[in-house]
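Student: One structure, as structure tokens, below. Some questions next.
The values are calculated or read from the model by the stated rules, or taken from the named source; none is laboratory data. Note that the coordinates shown come from a computational prediction; the quantities given were computed from them, not determined experimentally. Glycine gets a Cβ as well: all are built from the backbone with ideal geometry, and neighbour counts include every protein chain shown. Heavy atoms of the whole protein, side chains included, go into the accessibility calculation; ligands, DNA and RNA do not. Shrake-Rupley method; radii C 1.70, N 1.55, O 1.52, S 1.80 Å.
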Amino acid sequence: MKTVLLAALSSVALFTSGAALADTLLRVNQLGYLPDGPKRASLITDRPTPVLWQLVDAKGREIARGQTKPLGMDASVGRKVHLIDFSEVRESGEKLSLVAERVTSPPFAIEPKLYVNLPRDAFGYFYPMRSGIEIRADIAGEAYARPAGHVSAPKSGALNQGDKAVPCQEEGSSLKIYGDPWSCDYTLDVTGGWYDAGDQGKYVVNGALSVAQLMSTFERTLYVKSASAKPFADGALALPEHGNGVPDALDEARWELEFLLSMQVPEGKPLAGMAHHKVHDDEWTGIPTLPHEDPKRRLLHRPSTAATLNLAAAAAQGARLFKPYDAAFAERLLKAAQQAWRAAAEHPGLIAPEGDSDGGGAYHDTDLTDELYWAAAELFITTGNADYRAAIEASPHWRSSIFKPAGYEWANVETRAALSLALVPNSLSRSDAEWLKRDIVTAADEYLKLQKRAPFGHVYDPPEGRYAWGSNHLILQNAIIIARAHDLTGSPKYRDAVLETMDYIFGRNGPGISYVTGYGTDYAKNQHSRWFAHAADPALPSPPKGTLAGGPNVWLSDEIVREKRKGCAPQFCYIDDIESWSTNETAINWNAALAELSGFLAEQ
């Protein structure tokens, strides 16, 4: 062992425009690496030739050394990048660092149990996001305790009466938004569910995808031999329903499923069986605003076909999973899913308008073929009904490669259909089932080719290199597909690819920041939120450990990021600022992707 002189240079994350950045930057997975997994880092430097790197312990003693591999210019950071590969190191250790070009990386570990706590932390985001229930200090922590949100009027006596009896938008306002008169003569009790993101809106399309991914985390353990249900068992997660004999992952999912059911139009009313697109305040609230102090009026927004089909898909999946634990609830879910399917068939073109964004996001989507495909797939798996199979086979997404390098999100849910059909036993023909599995493996192989070309080891290739809103969760969605290929084949190359993708999330990226709160040395902690708002009010907490930040977004949609990151290379189009809602928001669908992948990671 040799003792090396550690440089005094800091490896603090720099967020300067890529074109102007002249310093050498060394980026690692700040959480660490598995002893038998890949171990790679990225060195941003203008040096054209290989340079020496060293792996050292906390006392500066050399453990390994080698030379970097120059990879050339990387457009995502606007700089030249070198690769450091120290995968041959298998010994465990803590507070290790890489040194290259007189720069020392943040410390990290080589440790076999790196990810064992990630399922609890990733799921732990959802309980404090619950609406309509007191958040208890003994479960969420003292800092996150608060009264139930949106169950009664604020003490100020303002208009908000909570979510117990929410009216529809008035006809006058709907005329401006929709172009046709619409309102309703009823109110709905839509208490419960999760707040969507940094605001207090609740949206069926995003909620359905999120709850489906949480349920899939558990459903995978039923059919993959190497999968463990232990992280999601009754008593394993931080929530209040312990001891009821139901896996905690399903208990958390039920909180959202009950809300989704409440959003259906009642029988005997126009558009019966359809799902209201969303419920939120009639105006945007400021930061900070705790849910129980929200003074704004709550309104139901017009039903949409997209929301209705999303509800059908999630409820159908829930019906088969809850059947062993609560047959009555499972039957209720299936009935709602079938009602939603029929209602969507009767009203196939109700589109949520792009301009409906006063007080909440629009979640506008004009292509509903993917929602139809997903709903048909989940209903078919649960019931075996030939009509749903016919709808699957009539879809343009059937027997079509649907996996894209840019990932998928709430507006493109066809991937959920394929993942469920390939995982859960159903009555598809053997050739169809084998085709689906081959398609997943083929897509994973393409992602591995992409990863091999990526200087930062992540699997993401958006059109023209434009990192999109929520890019971090899009990366994780691609990693989930690779993980499924590992489930199907057992090939270690897919496992390694997932592990290396996590390097990017935990610090091996341009800014040198871990995008998961509480993980690593320099991590996001000022995400955009109205109640995880320590940056705006020191009396309030930062987001809980395990919260995923949205990530780089080249569209620079908010004033803060436009001002401070003007001219940024894609990976640098991010700022850990509570006001940057376009790069640094939290969201249930983003954390749902982290939660779904967490089970696979914990098993490694």
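Student: Name the single residue, out of those in region 528-551 being touching a Ser or Thr at 6+ places or on another chain (Cβ under 9 Å) and without any contact (Cβ under 8 Å) to a residue 60 or more places away in the chain, that is least open to solvent (accessible area, probe 1.4 Å).
Tutor: Step by step, filter region 528-551, then rank; the result is Ser542.
Student: If the requirement is being aliphatic (A, V, I, L, M) and open to solvent by 10 Å² or more (accessible area, probe 1.4 Å), which of these qualifies: Leu239, Leu214, Leu209, Leu222? Give the derivation first.
Tutor: Values: Leu239 fails: open to solvent by 10 Å² or more (accessible area, probe 1.4 Å); Leu214 fails: open to solvent by 10 Å² or more (accessible area, probe 1.4 Å); Leu209 fails: open to solvent by 10 Å² or more (accessible area, probe 1.4 Å).
Step by step, each of Leu239, Leu214, Leu209, Leu222 is checked, and only Leu222 is aliphatic (A, V, I, L, M) and open to solvent by 10 Å² or more (accessible area, probe 1.4 Å).
Student: Would you tally the residues in region 349-373 being closer than 19 Å to Asp196 by Cβ, not in a helix (DSSP H, G or I) and not aromatic (Phe, Trp, Tyr)? Break it down stepwise before answering.
Tutor: Initial filter on region 349-373 (closer than 19 Å to Asp196 by Cβ): 352-365, 371.
Now restrict to residues that are not in a helix (DSSP H, G or I): 352-365.
This time we only want the ones that are not aromatic (Phe, Trp, Tyr), so: 352-362, 364-365.
Count: 13.
Student: Do the conditions hold for Glu88, that is, is it open to solvent by 80 Å² or more (accessible area, probe 1.4 Å), more than 19 Å from Pro570 (Cβ to Cβ), assigned to a loop (DSSP other than H, G, I, E, B) and modelled with pLDDT of 95 or more? Before the answer, list the steps.
Tutor: Working: open to solvent by 80 Å² or more (accessible area, probe 1.4 Å): yes; more than 19 Å from Pro570 (Cβ to Cβ): yes; assigned to a loop (DSSP other than H, G, I, E, B): yes; modelled with pLDDT of 95 or more: yes.
For Glu88, the condition - open to solvent by 80 Å² or more (accessible area, probe 1.4 Å), more than 19 Å from Pro570 (Cβ to Cβ), assigned to a loop (DSSP other than H, G, I, E, B) and modelled with pLDDT of 95 or more - is met.
Student: Does Gly273 satisfy being open to solvent by less than 50 Å² (accessible area, probe 1.4 Å), in contact with an Asp or Glu (Cβ under 9 Å, 6 or more places away or on another chain) and of a type outside the set (Val, Ile, Thr)?
Tutor: On the way: open to solvent by less than 50 Å² (accessible area, probe 1.4 Å): yes; in contact with an Asp or Glu (Cβ under 9 Å, 6 or more places away or on another chain): yes; of a type outside the set (Val, Ile, Thr): yes.
Judged against the criteria, Gly273 is a match.
Student: So which residues in region 100-134 are over 30 Å from Pro50 (Cα atoms) and more than 22 Å from the chain's Cα centre (by Cα), if there are any at all?
Tutor: Taking region 100-134 and keeping what is over 30 Å from Pro50 (Cα atoms), we get 112-134.
Selection gives Pro112, Lys113, Gly132, Ile133, Glu134.
Student: Separate question: Can you name every residue in region 71-85 that is assigned to a loop (DSSP other than H, G, I, E, B) and not hydrophobic (A, V, I, L, M, F, W, C)? Outline the logic, then answer.
Tutor: Start the filter on region 71-85 by keeping residues that are assigned to a loop (DSSP other than H, G, I, E, B), which leaves 75-78.
Once the filter is applied, which keeps residues that are assigned to a loop (DSSP other than H, G, I, E, B) and not hydrophobic (A, V, I, L, M, F, W, C), region 71-85 yields Ser76, Gly78.
Student: Check Val28 against each of (1) open to solvent by 10 Å² or more (accessible area, probe 1.4 Å); (2) within 17 Å of Gly510 (Cα to Cα); (3) touching a strand residue (DSSP E or B) at 6+ places or on another chain (Cβ under 8 Å) and name the one condition it does not meet.
Tutor: (1) is the only condition that Val28 fails.
Student: State all residues of region 326-373 that are at positive phi and either among the charged types (D, E, K, R) or open to solvent by 20 Å² or more (accessible area, probe 1.4 Å) (or both); if no residue qualifies, say none.
Tutor: Selection gives Tyr363 alone.
Student: If I filter region 389-404 down to residues being in contact with a helix residue (DSSP H, G or I) (Cβ under 7 Å, 6 or more places away or on another chain) and within 17 Å of Leu419 (Cβ to Cβ), which single residue comes out as most open to solvent (accessible area, probe 1.4 Å)? Reasoning before the result, please.
Tutor: The first filter runs over region 389-404 and keeps only residues in contact with a helix residue (DSSP H, G or I) (Cβ under 7 Å, 6 or more places away or on another chain), leaving 389, 391-392, 395-399, 401-403.
From the residues that got through so far, the ones that are within 17 Å of Leu419 (Cβ to Cβ) too are 392, 395, 397-399, 401-403.
On the way: Ile392: 0, Ser395: 16, His397: 30, Trp398: 34, Arg399: 100, Ser401: 80, Ile402: 9, Phe403: 26 Å².
My answer is Arg399.
Student: Could you tell me which residue of region 570-604 is surrounded by the fewest Cβ atoms within 10 Å (Cβ to Cβ), considering only residues that are under 26 Å from Ile44 (Cβ atoms) and in contact with a Pro (Cβ under 9 Å, 6 or more places away or on another chain)?
Tutor: For region 570-604, the residue satisfying everything is Asp576.
Student: Would you mention how many residues in region 344-392 are of a type in the set (Asp, Glu) and touching a strand residue (DSSP E or B) at 6+ places or on another chain (Cβ under 9 Å)? Show your work before the answer.
Tutor: First, the residues of region 344-392 that are of a type in the set (Asp, Glu): 346, 354, 356, 358, 365, 367, 370-371, 378, 387.
Of the ones still in play, those that are also touching a strand residue (DSSP E or B) at 6+ places or on another chain (Cβ under 9 Å) are 356, 358, 365.
Qualifying residue count, region 344-392: 3.
Student: Residues that are within 20 Å of the chain's Cα centre (by Cα) and farther than 20 Å from Ser226 by Cβ: does region 487-504 have at least one?
Tutor: yes
Student: In region 299-320, how many residues are open to solvent by 10 Å² or more (accessible area, probe 1.4 Å) and not in a loop (DSSP other than H, G, I, E, B)?
Tutor: Filtering region 299-320 for residues open to solvent by 10 Å² or more (accessible area, probe 1.4 Å) gives 299, 302, 320.
Now restrict to residues that are not in a loop (DSSP other than H, G, I, E, B): 299, 320.
Adding up the residues that qualify gives 2.
Student: For the structure I just gave you, tell me whether Ala422 is assigned to a helix (DSSP H, G or I), modelled with pLDDT of 95 or more and open to solvent by 20 Å² or more (accessible area, probe 1.4 Å).
Tutor: Values: assigned to a helix (DSSP H, G or I): yes; modelled with pLDDT of 95 or more: yes; open to solvent by 20 Å² or more (accessible area, probe 1.4 Å): no.
It is false that Ala422 is assigned to a helix (DSSP H, G or I), modelled with pLDDT of 95 or more and open to solvent by 20 Å² or more (accessible area, probe 1.4 Å).
Student: Right, another one. What are the pairs, 6+ residues apart or on separate chains, where a residue within region 80-103 that is farther than 24 Å from Gly510 by Cβ has its Cβ under 6 Å from a residue that is at pLDDT 95 or above and in a strand (DSSP E or B)?
Tutor: Filtered contacts from region 80-103: Val89/Ala64; Ser92/Ile110; Gly93/Ile110; Glu94/Ala109.
Student: Then there's this: When you scan region 491-527, how many residues do you find that are of a type in the set (D, E, K, R), buried (at least 24 other Cβ atoms within 10 Å of the Cβ) and not in a helix (DSSP H, G or I)?
Tutor: Summing the residues that are of a type in the set (D, E, K, R), buried (at least 24 other Cβ atoms within 10 Å of the Cβ) and not in a helix (DSSP H, G or I) in region 491-527 gives 1.
Student: Let me ask something else. For Trp410, all conditions in the list (1) open to solvent by less than 10 Å² (accessible area, probe 1.4 Å); (2) over 23 Å from Asn29 (Cα atoms); (3) of a type in the set (Phe, Trp, Tyr) hold save one; what is the number of the exception?
Tutor: So the condition that Trp410 fails would be (1).
Student: Continuing with the same structure: Could you tell me whether Leu448 is among the hydrophobic types (A, V, I, L, M, F, W, C) and open to solvent by 30 Å² or more (accessible area, probe 1.4 Å)? Don't jump to the end; show me each part of the working.
Tutor: Numbers: among the hydrophobic types (A, V, I, L, M, F, W, C): yes; open to solvent by 30 Å² or more (accessible area, probe 1.4 Å): yes.
Taking the combined requirement at face value, the residue satisfies it.
Student: Say we look at region 468-490 and pick out the residues that are open to solvent by 10 Å² or more (accessible area, probe 1.4 Å) and in a loop (DSSP other than H, G, I, E, B); which of these is farthest from Gly72 (Cα to Cα)?
Tutor: Among those that are open to solvent by 10 Å² or more (accessible area, probe 1.4 Å) and in a loop (DSSP other than H, G, I, E, B), it is Gly490.
Student: I'd like the full set of residues that are surrounded by fewer than 23 Cβ atoms within 10 Å (Cβ to Cβ), in contact (Cβ under 8 Å) with a residue 60 or more places away in the chain, assigned to a strand (DSSP E or B) and within 36 Å of the chain's Cα centre (by Cα), limited to region 33-70.
Tutor: Selection gives Arg40 alone.
Student: To continue, here is another question. Within region 208-244, track down each residue that is part of a helix (DSSP H, G or I), among the hydrophobic types (A, V, I, L, M, F, W, C) and more than 18 Å from Leu333 (Cα to Cα). So that I can check it myself, show each step before the final result.
Tutor: In the first step, residues of region 208-244 are kept if they are part of a helix (DSSP H, G or I); the result is 208-223, 230-232.
When the remaining residues are screened for being among the hydrophobic types (A, V, I, L, M, F, W, C), the result is 208-209, 211-212, 214-215, 218, 222, 232.
Within region 208-244, Leu222, Phe232 meet the criteria.
Student: Inspect all residues belonging to region 552-562 and state whether any of them is more than 18 Å from the chain's Cα centre (by Cα), open to solvent by less than 10 Å² (accessible area, probe 1.4 Å), more than 23 Å from Pro128 (Cα to Cα) and of a type in the set (A, V, I, L, M). Steps first, answer last, please.
Tutor: Of region 552-562, the ones more than 18 Å from the chain's Cα centre (by Cα) are 554-562.
Applying the additional criterion that residues be open to solvent by less than 10 Å² (accessible area, probe 1.4 Å) yields 558, 561.
So of that shortlist, the ones also more than 23 Å from Pro128 (Cα to Cα) come out as 558, 561.
With of a type in the set (A, V, I, L, M) added as a condition, the list becomes 561.
Within region 552-562 (the criterion being more than 18 Å from the chain's Cα centre (by Cα), open to solvent by less than 10 Å² (accessible area, probe 1.4 Å), more than 23 Å from Pro128 (Cα to Cα) and of a type in the set (A, V, I, L, M)), the answer is yes, since at least one residue qualifies.
Student: Which residues, counting only those in region 245-270, are part of a loop (DSSP other than H, G, I, E, B) and either farther than 30 Å from Thr187 by Cβ or open to solvent by 40 Å² or more (accessible area, probe 1.4 Å) (or both)? Before you say what the answer is, go through the steps one by one.
Tutor: Residues of region 245-270 part of a loop (DSSP other than H, G, I, E, B): 245-247, 263, 265-270.
Gly245, Val246, Pro247, Pro266, Glu267, Gly268, Lys269, Pro270 - these are the residues of region 245-270 that are part of a loop (DSSP other than H, G, I, E, B) and either farther than 30 Å from Thr187 by Cβ or open to solvent by 40 Å² or more (accessible area, probe 1.4 Å) (or both).
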